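K.L.:
So that we are looking at the same thing, I have put the structure below in structure tokens.
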Amino acid sequence: MESGSSEPTPVLPEPPLDAHPHTHRRQMCASFYCNQCQRDCIPANSQSWCFCNHRYSAHDPQNGFRCTAPRCPCKQFYFHVTSGSWQVRCQCKHKNIEHDVAPPHKCKKPACAGKCQGFQSPWCCNCDHPWTDHQTMFAERDVVSLAERFDINPEGVAPRSTEPTVPRQ
Ligand SMILES: [Zn+2]
Ligand SMILES: [Zn+2]
Ligand SMILES: [Zn+2]
Ligand SMILES: [Zn+2]
Ligand SMILES: [Zn+2]
Ligand SMILES: [Zn+2]
């Protein structure tokens, strides 16, 4: 006489909530985004440069990525592509710092007065699309860990090729 073979309901192990508890945090991040590929070409890291010549880390995500450097008029982080000592230059051949920090970033050099209506680089990204097809994109993404955030992100440092595509002079 079995009094009911009520086997205990097997307790399934709960799926781990998060294998790495403190490694997933959603955070607004900036990137150099390609409108053609519809993907991030260069995610910003703390060492990335803004057009205003201050680092990404100087910009406040809580305040629309406004630059926190004293007297800097930069209202929003604007991705400035660099690689080592190389950086994108305007088609007028002048650097970002010779252009207005405020959009549309006109060149301040007397020779460019009335000619350069705004910083525009002839540089072609590693995705094979021109600089002009890109924009600074702000999106929420998983921040993997604090350590990685402040680490050099191999993808974020520079375009894959260290040889910049030098515009034909
Ligand atoms: Zn592209
Ligand atoms: Zn700034
Ligand atoms: Zn800035
Ligand atoms: Zn220019
Ligand atoms: Zn110029
Ligand atoms: Zn690209």
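The values are calculated or read from the model by the stated rules, or taken from the named source; none is laboratory data. On a predicted model such as this, the values are computed, not experimentally measured, just so you know. Positions of Cβ are backbone-derived with ideal geometry, glycine not excepted, and every protein chain shown enters the neighbour counts.
K.L.:
Among the residues of the stretch 48-60, is there at least one that is more than 26 Å from ASN126 (Cα to Cα) and loosely packed, with under 15 Cβ neighbours inside 10 Å?
P.N.:
For the stretch 48-60, residues more than 26 Å from ASN126 (Cα to Cα) and loosely packed, with under 15 Cβ neighbours inside 10 Å: present.
K.L.:
Enumerate the pairs (first residue in the stretch 25-51 and within 20 Å of THR82 (Cβ to Cβ) and assigned to a strand (DSSP E or B); second residue anywhere and within 16 Å of ligand 4 (Cβ to nearest atom) and not acidic (Asp, Glu)) with beta-carbon separation below 7 Å, excluding pairs fewer than 6 apart on the same chain, so at least 6 apart or on different chains.
P.N.:
PHE32/VAL81; ILE42/VAL81; TRP49/HIS80; CYS50/TYR78; CYS50/HIS80
K.L.:
Restricting to the stretch 74-93, give me the number of residues that are out of contact with any strand residue (DSSP E or B) (no Cβ under 8 Å at 6 or more places or on another chain) and under 21 Å from LYS106 (Cβ atoms).
P.N.:
Going through the stretch 74-93, the residues out of contact with any strand residue (DSSP E or B) (no Cβ under 8 Å at 6 or more places or on another chain) turn out to be 83-86, 89, 91, 93.
After this cut, where a residue has to be under 21 Å from LYS106 (Cβ atoms) as well, the list is 89, 91, 93.
Total meeting the criteria: 3.
Yes/no matrix, rows are residues, columns are (1) closer than 16 Å to PHE119 by Cβ; (2) modelled with pLDDT of 95 or more:
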| position | (1), (2) |
| --- | --- |
| ALA19 | no, no |
| CYS72 | no, yes |
| SER85 | no, no |
| HIS99 | yes, yes |
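K.L.:
Moving on. Inspect all residues belonging to the stretch 110-129 and state whether any of them is buried (at least 19 other Cβ atoms within 10 Å of the Cβ) and more than 15 Å from ligand 4 (Cβ to nearest atom).
P.N.:
yes
K.L.:
For the stretch 68-88, give me each residue that is more than 13 Å from THR136 (Cβ to Cβ), touching a Phe, Trp or Tyr at 6+ places or on another chain (Cβ under 8 Å) and free of Cβ contacts under 8 Å to residues at least 40 places away in the same chain.
P.N.:
GLN87
K.L.:
Within the stretch 89-98, which residues are within 16 Å of ligand 3 (Cβ to nearest atom), in contact (Cβ under 8 Å) with a residue 40 or more places away in the chain and either more than 19 Å from TRP49 (Cα to Cα) or surrounded by 13 or more Cβ atoms within 10 Å (Cβ to Cβ) (or both)?
P.N.:
ASN96 - this is the single residue of the stretch 89-98 that is within 16 Å of ligand 3 (Cβ to nearest atom), in contact (Cβ under 8 Å) with a residue 40 or more places away in the chain and either more than 19 Å from TRP49 (Cα to Cα) or surrounded by 13 or more Cβ atoms within 10 Å (Cβ to Cβ) (or both).
K.L.:
Hey, another quick one. Would you check which residues across the stretch 99-140 are in contact with a strand residue (DSSP E or B) (Cβ under 6 Å, 6 or more places away or on another chain) and either part of a loop (DSSP other than H, G, I, E, B) or within 16 Å of ligand 3 (Cβ to nearest atom) (or both) and list them?
P.N.:
HIS99, HIS105, CYS116, PHE119, CYS125, CYS127, HIS129, GLN135, THR136, MET137, PHE138
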